Amino acid sequence: QVQLVESGGGLVQPGGSLRLSCAASGSIRSIYAMSWYRQAPGKQRELVAGITSGGSANYAASVKGQFTISGDTAKNTVYLQMNRLKPEDTAVYYCNADVRDNMWYVRMDYWGQGTQVTVSS
């Protein structure tokens, strides 16, 4: 079993910054990629940013230049640095990992429980 634990969400004023973390643990053989998604009230979940095990990153157009994704492969952890936050960035942010487990060698997606980010004055 693989677990993803997110941290770092909270309430921040417009223009402020937050850094989200997501640590993967459990029976992990390989992590191919980790990503951040978000879901605002009444909206569909959307991809924010992703990073491969090789370090290649991609971003949604709406956050490019504002958010930065990075990873620490030794710690099986991915980070999302969010700068110049706007009220429209308010959402629950979910971590996703593309993982092959070490027990059954099955490759599948895992999700964290989500962390709330609220941007408001």
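The values are calculated or read from the model by the stated rules, or taken from the named source; none is laboratory data. Because the structure is predicted, anything quoted here is derived from the model rather than measured. All Cβ positions, glycine included, derive from the backbone under ideal geometry; neighbour counts span all protein chains shown. For accessibility, only protein heavy atoms count, side chains too; no ligands or nucleic acids. Shrake-Rupley method; radii C 1.70, N 1.55, O 1.52, S 1.80 Å.
Being closer than 21 Å to residue 3 by Cβ and of a type in the set (Asp, Glu) is a condition met by at least one residue of segment 61-73.
Among the residues that make up segment 28-37, is at least one of them more than 15 Å from residue 98 (Cα to Cα) and surrounded by 16 or more Cβ atoms within 10 Å (Cβ to Cβ)? The answer is no, given that none of the residues of segment 28-37 is more than 15 Å from residue 98 (Cα to Cα) and surrounded by 16 or more Cβ atoms within 10 Å (Cβ to Cβ). Exactly one residue among 66, 81 is in contact with a Phe, Trp or Tyr (Cβ under 8 Å, 6 or more places away or on another chain) and at pLDDT 95 or above, and that residue is 81.
Condition check for residue 75 on (1) modelled with pLDDT of 95 or more; (2) open to solvent by 70 Å² or more (accessible area, probe 1.4 Å); (3) within 30 Å of residue 121 (Cα to Cα): one failure, at (3).
Look at segment 9-22: where a residue is within 11 Å of residue 116 (Cα to Cα) and assigned to a loop (DSSP other than H, G, I, E, B) and a partner is open to solvent by 60 Å² or more (accessible area, probe 1.4 Å) and not hydroxyl-bearing (Ser, Thr, Tyr), sitting 6+ places away or on another chain with Cβ atoms under 8 Å, you get 9/116. Number of residues in segment 78-121 that are part of a loop (DSSP other than H, G, I, E, B) and surrounded by 15 or more Cβ atoms within 10 Å (Cβ to Cβ) equals 4. When residue 42 is tested against (1) open to solvent by 70 Å² or more (accessible area, probe 1.4 Å); (2) of a type outside the set (S, T, N, Q); (3) part of a strand (DSSP E or B), only condition (3) is not met. Residues in segment 21-52 that are charged (D, E, K, R) and farther than 19 Å from residue 92 by Cβ: 29 only. Within segment 1-26, being open to solvent by less than 30 Å² (accessible area, probe 1.4 Å), under 20 Å from residue 103 (Cα atoms) and of a type outside the set (Val, Ile, Thr) holds for 4, 24.
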